[in-house]
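A.B. asks: Can you read through this structure? Questions will come right after.
Computed from the coordinates by the stated procedures, all read-outs in this text should not be read as laboratory data. In this text the structure is predicted, and so the values were computed from the model without any measurement. Every residue, glycine as well, gets a Cβ built from its backbone with ideal geometry; the counts of neighbours run over all protein chains shown.
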Amino acid sequence: MIFKQIVACAVPIVLISCSIGCDQSGQRVTQYPSGQTLRVDTTVQGGKKIINSQWYNLDGQLAFETKWSRSGDGIDYSFYPSGTVQEKTTMQNNLRHGPTWNYDTNGNCTSVDHYVNGVKQPVNKANAG
């Protein structure tokens, strides 16, 4: 197995080798120093393209997930500790682009924000409501 020390946000993290080699398609797992899973990336094209990323809290709870299309666009989800969706964001070229839906802890949509190339757009009061 290949181990690589990564320092991010002043927290050392250990990268464990991909399930079938980091230069091939498969899963790449990154762990907290405690051994808990931090991130799981599913890759294609010889490991060069991530099609799904899942980020976990120290308690093992899924915190974020991004599902990427082969074109590079995607949908990003963030979750409440209960597991319900907190936010659903459309992504284009690794930036927020299009609608972002915000949810309360019961799963009800509370608002929709709009982004263009990562920049939140002002609400058009004529169309709001």
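A.B. asks: What list of ³J(HN,Hα) couplings, whole Hz, do you get for the stretch 78-92 from phi and the Karplus terms 6.51, -1.76, 1.60, once you set θ to phi - 60° and write x for glycine and proline?
C.D. replies: Per-residue couplings from phi come out as 10, 10, 6, x, 6, x, 7, 5, 9, 8, 10, 10, 7, 10, 9 Hz.
A.B. asks: With unit charges on the beta carbons (Lys and Arg positive, Asp and Glu negative) and the dipole taken about the Cα centre of the stretch 61-124, which residue among G72, G107, G83 sits farthest to the positive side?
C.D. replies: G72
A.B. asks: Which length gain, in nm to one decimal place, applies between D73 and Y32 when the Cα-Cα distance is subtracted from 0.36 nm times their residue separation?
C.D. replies: Extra length from D73 to Y32 when fully extended: 12.0 nm.
A.B. asks: OK, next. Hey, what do the phi angles of the stretch 34-42 turn into as Karplus ³J(HN,Hα) couplings, whole Hz, using 6.51/-1.76/1.60 and θ = phi - 60°, x for Gly and Pro?
C.D. replies: 6, x, 5, 6, 9, 8, 10, 10, 9
A.B. asks: Give me the compactness ratio for the stretch 61-124, meaning the Cα radius of gyration over 2.2 N^0.38 Å. Before the final figure, lay out each step's value.
C.D. replies: On the way: Rg = 12.1 Å, N = 64, 2.2 N^0.38 = 10.7 Å.
My calculation over the Cα atoms of the stretch 61-124 gives 1.13.
A.B. asks: With a sphere of radius 13 Å drawn around the Cβ of I75, what net charge do the other residues whose Cβ falls strictly inside it have (Lys, Arg +1; Asp, Glu -1)?
C.D. replies: So the surrounding residues net to -1.
A.B. asks: If each residue's Cβ is checked for other Cβ atoms within 10 Å, how do R70, R28 rank with the fewest at the top? Numbers along the way, then the final one.
C.D. replies: Working: R70 9, R28 19.
In increasing order of surrounding Cβ atoms, one gets R70, R28.
A.B. asks: Sum up the charges of everything whose Cβ sits under 15 Å from the Cβ of N93, counting Lys and Arg as +1 and Asp and Glu as -1, but leave N93 out.
C.D. replies: With Lys, Arg at +1 and Asp, Glu at -1, the neighbours total +1.
A.B. asks: Separation between the L95 and S111 pseudo-spin-labels, each 7 Å from Cα along Cα→Cβ, expressed in nm?
C.D. replies: 2.2 nm
A.B. asks: Using the alpha-carbon centroid of each, what span in Å lies between the stretch 37-51 and the stretch 90-109?
C.D. replies: Centre-to-centre (Cα) distance: 22 Å.
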